[in-house]
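The values are calculated or read from the model by the stated rules, or taken from the named source; none is laboratory data. As the structure is a prediction and not an experimental result, all values here were calculated from the model. Glycine also receives a Cβ, built like all others from the backbone with ideal geometry; neighbour counts cover every protein chain displayed. Quick note on the areas: whole protein, heavy atoms, side chains included, nothing else; ligands and nucleic acids left out. Shrake-Rupley method; radii C 1.70, N 1.55, O 1.52, S 1.80 Å.
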Amino acid sequence: MISLTIGFDKTKQAAVEAALSGVKNGAPRAMSRAINRAVAFGKTRSSKLVREEYTINAGAMKRATGTTKASVNRLVGIIDWKSRQKQMRNFQYRKTKKGISVAVKRAGGRKFIPRAFINNLHSSGGAILRRLGKERYPLKVLHGPSVPQMTGNVNVEPQIRKDVEDKLNERLKHEMNVLMRGIVR
């Protein structure tokens, strides 16, 4: 499991409280709203950045990404990615006469897996299996990297952190303006 905690440091909180001192519960409301928007943005942005690097489908990313929202009393939001290794059916694959061709990374090219096939039985959901020998059995279900591994990639994780931090600051300015002008109570 890998997670990203989103919040403000003490100096930023003090500055927001000073700026919104005339609004009742203004600072906690503005900060929690900004954190929640940054959490939602981070979930979508991480999916997009991982899918730029890997060929995983968006549904598999969405199912493996969880969020915890901030509240007025708890000014911290969390994005966490947890999953086991993803089955090869969640990546780009192509069926051939002699096996399956799979591309896990976009830049890595395709890899041919001989004696692999797609099991279309109802219970397997289209798993990609490989025969381990000349005989019919044993079979092995093929897997790729897990979502935490893909998110923790050196090209992906720093970009997610930077984008979420930028969105958090942008949303905080917006929420402060809204509360100061009295648009939202």
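Number of residues in the stretch 108-122 that are in contact (Cβ under 8 Å) with a residue 12 or more places away in the chain and either within 26 Å of Leu49 (Cα to Cα) or open to solvent by 90 Å² or more (accessible area, probe 1.4 Å) (or both): the value is 3.
Does Val104 meet the test of being in contact (Cβ under 8 Å) with a residue 60 or more places away in the chain and surrounded by 15 or more Cβ atoms within 10 Å (Cβ to Cβ)?
Details: in contact (Cβ under 8 Å) with a residue 60 or more places away in the chain: no; surrounded by 15 or more Cβ atoms within 10 Å (Cβ to Cβ): yes.
No.
Among the residues of the stretch 123-155, just one is under 23 Å from Arg63 (Cβ atoms), open to solvent by 80 Å² or more (accessible area, probe 1.4 Å) and among the hydroxyl-bearing types (Ser, Thr, Tyr), namely Ser123. Residues in the stretch 54-65 that are within 18 Å of Val156 (Cα to Cα), surrounded by fewer than 15 Cβ atoms within 10 Å (Cβ to Cβ) and of a type in the set (Gly, Ala, Ser): Ala58 alone.
For Arg51, which of the numbered conditions (1) exposed (fewer than 15 other Cβ atoms within 10 Å of the Cβ); (2) free of Cβ contacts under 8 Å to residues at least 24 places away in the same chain; (3) not small (Gly, Ala, Ser) fails to hold? Result: Arg51 fails condition (1) only.
For the stretch 141-150, the criterion of being within 16 Å of Arg89 (Cα to Cα), outside any helix (DSSP H, G or I), in contact with a Ser or Thr (Cβ under 9 Å, 6 or more places away or on another chain) and aliphatic (A, V, I, L, M) is satisfied by at least one residue.
In the stretch 69-99, the residue that is least open to solvent (accessible area, probe 1.4 Å) out of those that are under 17 Å from His143 (Cβ atoms) and touching a Leu at 6+ places or on another chain (Cβ under 8 Å) is Met88. For the stretch 14-48, a residue qualifies if it is open to solvent by less than 60 Å² (accessible area, probe 1.4 Å), hydroxyl-bearing (Ser, Thr, Tyr) and under 28 Å from Asn155 (Cα atoms), and the qualifying residues are Ser46, Ser47.
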